[in-house]
Amino acid sequence: PYTTLFRSPGNGEEPGSPGQLAYEPVGNKMVIKDAELEILVQSTDIAIAQTNQLTADYNGYIISTQSWYKDGFKHATLRLGIPSASFETVLNQLRDIGLRVISETASGQDVSNEYVDLQSKLTNLEATAARIRDFLNAAKTIEETLTVSAQLAELEAQIEQVKGQIRYYEGRSAYSTVTVNLVPQHP
């Protein structure tokens with residue numbers, strides 16, 4: 001569930017142009033979006049160039065490319081990282097690169113609840129680590145210091161793991177993955 005928001009003109013863009021459209025999640029949902037398109041093209045090289053330019057125009061990046069010849073015709077697969085706010089717009093423009101879309105799949109995974117749970121877990125782990133640091137400062141013997149240090153090290157490892165998961169969700173929801181398979185038209 002997405003809403004289309006229109007920004008007011010005045011930045012030199014025509015109303016309804018790609019720069020005027022922004023797709024934002026409804027209710028601050030965090031969604032990981034992926035799509036795969038198989039497109040029949042007249043020229044694989046031209047379609048690769050257009051796909052690369054489109055990706056750059058929307059501040060995306062190329063994750064990987066692969067090209068090969070089959071029966072004397074060049075095929076290619078490109079994996080793109082596209083800012084999620086431009087996901088639908090880029091898909092629409094990719095469809096126009098070729099003669100026709102052979103197949104298309106798109107999916108979205110709502111990870112909002114997992115993200116909120118991870119943030120809560122991180123807050124709790126950091127609070128516990130702060131209390132354990134207080135115990136470490138108050139330790140009177142080497143044995144107490146070693147025991148408390150071991151617990152603190154374990155908590156800090158958990159904290160880093162949770163932070164890594166949070167960064168993963170933030171990155172994956174900020175950039176969508178689009179795989180474009182280019183199939184040349186045979187005469």
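The values are calculated or read from the model by the stated rules, or taken from the named source; none is laboratory data. What you see is a predicted model, and the numbers here were worked out from it, not measured in a lab. For neighbour counting, all protein chains shown are included, and Cβ atoms are generated from backbone atoms with ideal geometry for every residue, glycine included. Note: accessible area is taken over every heavy atom of the protein model, side chains too, but ligands, DNA and RNA are not part of it. Shrake-Rupley method; radii C 1.70, N 1.55, O 1.52, S 1.80 Å.
What number of residues within region 118-145 satisfy the criterion of being open to solvent by less than 40 Å² (accessible area, probe 1.4 Å) and either in contact with a Pro (Cβ under 6 Å, 6 or more places away or on another chain) or outside any helix (DSSP H, G or I) (or both)?
As a first pass, look at region 118-145 and keep what is open to solvent by less than 40 Å² (accessible area, probe 1.4 Å): 118, 122, 125, 129, 132, 139.
Restricting the remaining residues to those that are either in contact with a Pro (Cβ under 6 Å, 6 or more places away or on another chain) or outside any helix (DSSP H, G or I) (or both) gives 139.
So the answer is 1.
Any residue at all in region 109-117 that's open to solvent by 70 Å² or more (accessible area, probe 1.4 Å) and outside any helix (DSSP H, G or I)? Spell out how you get there, then give the answer.
Narrowing region 109-117 to residues open to solvent by 70 Å² or more (accessible area, probe 1.4 Å): 109-110, 113-114, 116-117.
Those still in the list that are outside any helix (DSSP H, G or I) too: 109-110.
Looking for residues that are open to solvent by 70 Å² or more (accessible area, probe 1.4 Å) and outside any helix (DSSP H, G or I), one finds at least one in region 109-117, hence yes.
Tell me which of these residue 95 doesn't satisfy, since it passes every other one: (1) touching a residue at least 60 places away in the same chain (Cβ under 8 Å); (2) closer than 30 Å to residue 31 by Cα; (3) basic (Lys, Arg).
The single condition residue 95 does not satisfy is (1).
Taking region 146-162 as the region of interest, how many residues are under 30 Å from residue 34 (Cα atoms) and open to solvent by 50 Å² or more (accessible area, probe 1.4 Å)?
3
(1) of a type outside the set (A, V, I, L, M); (2) closer than 30 Å to residue 113 by Cα; (3) open to solvent by less than 20 Å² (accessible area, probe 1.4 Å): which one isn't true of residue 51, the others all being true?
The failed condition is (2).
Being closer than 30 Å to residue 41 by Cβ, surrounded by fewer than 18 Cβ atoms within 10 Å (Cβ to Cβ) and in contact (Cβ under 8 Å) with a residue 12 or more places away in the chain: is that true of residue 182 here?
So residue 182 does not fit the description; no.
Which of (1) within 17 Å of the chain's Cα centre (by Cα); (2) more than 30 Å from residue 49 (Cβ to Cβ) is the odd one out, the single condition residue 175 does not satisfy?
It is condition (2) that residue 175 fails.
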